[in-house]
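Data block below; observations after.
The values are calculated or read from the model by the stated rules, or taken from the named source; none is laboratory data. Just so you know, these numbers come straight off a predicted model, no measurement behind them. Note that each Cβ is placed from the backbone with ideal geometry, even for glycine, and that neighbours are counted across all protein chains shown.
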Amino acid sequence: MAAKSGSGDAGGEVVPLRPVRPCPICGKPSARTAYPFCSKRCADVDLNRWLSGSYAIPAAEEGPSSETDSGSDGDGER
């Protein structure tokens with residue numbers, strides 16, 4: 001009966017859940033507390049860029065013909 005008592009040591013190193021990546025703002029290695037950024041400051045800079053409109057997701061504008069044709073597709077719904 002040479003069973004080990006639960007000492008908490010698994011015998012290996014702890015593997016991080018996320019790989020360390022460069023901060024998208026400044027390029028420094030990311031921190032676990034502010035992932036994917038290196039600090040709260042860089043996270044705030046990124047948030048400010050989104051809120052001020054510096055970042056924008058392009059949208060394809062559709063002409064008015066798609067709206068008028070949608071009601072005449074003949075599916076029987078009214």
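Before moving on, here are some points about what is shown:
- Any hit, the stretch 20-33, residues being modelled with pLDDT under 90 and touching a Ser or Thr at 6+ places or on another chain (Cβ under 8 Å): yes
- Where a residue in the stretch 36-57 is under 21 Å from residue 19 (Cβ atoms) and its partner, wherever it lies, is of a type in the set (D, E, K, R), with Cβ under 7 Å and at least six apart: 36/21; 37/46; 38/28
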